[in-house]
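One structure is given below, encoded as structure tokens.
The values are calculated or read from the model by the stated rules, or taken from the named source; none is laboratory data. Predicted, not measured: the structure shown is a model, and the values here were computed from it. Because the Cβ atoms are built from the backbone with ideal geometry, glycine has one as well, and the counts that use them run over all protein chains shown. The accessibility values were calculated without ligands, DNA or RNA, using every heavy atom of the protein model including side chains. Shrake-Rupley method; radii C 1.70, N 1.55, O 1.52, S 1.80 Å.
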Amino acid sequence: MFKRFLVILLCIGAISAASGQVTVEGSNFTDNWSVGVSGGVVTPMKHHPFWGDSRGLVDINLHKSLTPAFGLGTDFQFAVNTSSWFPPRSLTAIDHSYLGVYASLNLMNAFAGYTGTRRYFEMELTAGTGWIHSYSNIKSNSASSWGNKLGMNFNFNLDKSKTWTIAFKPAILWNMGAKALSQGGNLPGWSARYNANAAVVELMAGVTYHFANSNGTHSFVNASLYDPTEIEELKRHAESLGQQLENSRKENNRLSSRANKLQNEIDACARRPQVVKEITENLNNVRYIFFSLGSASIQNNQQPNLELIANSVKNIQGATIEIKGYASPEGSSAFNRQLSKRRAEAVKNELIRKYHLNPERITTEGKGVGEIFNVASWNRVAVCTINKK
């Protein structure tokens, strides 16, 4: 019976382990370890008063949860020599000890599902095997034997993080040895197999500490699972973002090309010769003498311009003056040609008469109707350009 039960327990544990790997986080080798200390009493199942012949029992265990439902562990326990079951009685403080391994099945998580953290109350089934050693004052009566153990843990998980657990642990330990008690055994009926006469009952209570895991908690954490529809939606969203990224890259390349082109234009502008000085010089070298409608006489208000022209020529060695006369569009073309020529000659004659400039340094030309200015009346003008040698 025990073998069948152990096989069933291992099969359930294996199934739980397989499913737990895809539904929970925190399954590293260093995760979900715990250590516990328990104390209680042990007494033969048959032929002895339960409390009258009970002995003190101390247990230390180390446990590793492979999944929220299934785990493996090892425990060491010893009975304190406080009563005599059968002679000869051990003269040491320890009457018998047990060292074994066991598998555990959390019934709540196996059949009701794991909630993402330990419940405040849980029931856990344990089954294990190990070695029993009895101590006697007669060396030949001391013996070791194989034992199987079946128990139930009623766990109360304390505090919010479920770091500490207090448990009530009833169990049955069968002695599978071949010797009878009279031949040195310390438990009744050593030659029996899964017989109440060869079993003891353990009643213990203890405390367990659960070490911290890599996920930051003291237990498994449910993994975040997605259904296929949500996964497909995420894929489409990722593809859309990828397309947006590609479009952004193309736009960035276009803007970079545009920026480079503009920079080249800026650099080209920076390399162009400065024309401000040239324009300024042209303005300084050009003077305008304005006339009245149909007249070639120089008015008094134009005398300052004539003086500027004369002074500029005198101050610049070898400079010459080019005078071009213009007329506004009133009148015939022939009249305007003659009028424009007379205006140019009038300026030349005044520069010679009043400022004594050399006639050879002055040339004149009549241009007819002028289009220098947008305002027609402004084109009644003689344009004097001073040319440097």
TODO: Starting from segment 344-369, take each residue that is within 27 Å of Glu330 (Cβ to Cβ) and open to solvent by less than 60 Å² (accessible area, probe 1.4 Å) and list its partners that are basic (Lys, Arg) and not in a strand (DSSP E or B), counting only C-beta distances under 6 angstrom and pairs at least six apart or across chains.
DONE: Thr364/Lys348; Gly366/Arg337; Gly366/Lys341; Gly368/Arg337
Open item on the list: Let me spell it out: the conditions are (1) modelled with pLDDT under 90; (2) hydroxyl-bearing (Ser, Thr, Tyr); (3) open to solvent by less than 90 Å² (accessible area, probe 1.4 Å), and Ser240 meets all of them except one. Which number is the exception?
Closed with: (1)
- [ ] Run down Val41, Val35 and say which single residue is under 16 Å from Phe211 (Cβ atoms) and β-branched (Val, Ile, Thr).
- [x] Val35
Open item on the list: Condition check: in a strand (DSSP E or B), modelled with pLDDT of 95 or more and open to solvent by 60 Å² or more (accessible area, probe 1.4 Å). Does Val37 satisfy that?
Closed with: yes
- [ ] Can you tell me which residue among Arg287, Arg258, Arg254 is touching a helix residue (DSSP H, G or I) at 6+ places or on another chain (Cβ under 9 Å) and either at pLDDT 90 or above or surrounded by 10 or more Cβ atoms within 10 Å (Cβ to Cβ) (or both)?
- [x] Arg287
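Residue-wise test of (1) part of a loop (DSSP other than H, G, I, E, B); (2) among the aromatic types (Phe, Trp, Tyr); (3) modelled with pLDDT of 85 or more; (4) within 26 Å of Gly71 (Cβ to Cβ).
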position	(1), (2), (3), (4)
Ile132	no, no, yes, yes
Ser140	no, no, no, no
Trp146	no, yes, yes, yes
Leu150	no, no, yes, yes
Phe154	no, yes, yes, yes
Pro188	yes, no, no, no
Met204	no, no, yes, yes
Open item on the list: Please count how many residues of segment 40-79 are open to solvent by 50 Å² or more (accessible area, probe 1.4 Å), closer than 30 Å to His218 by Cβ and not in a strand (DSSP E or B).
Closed with: 1
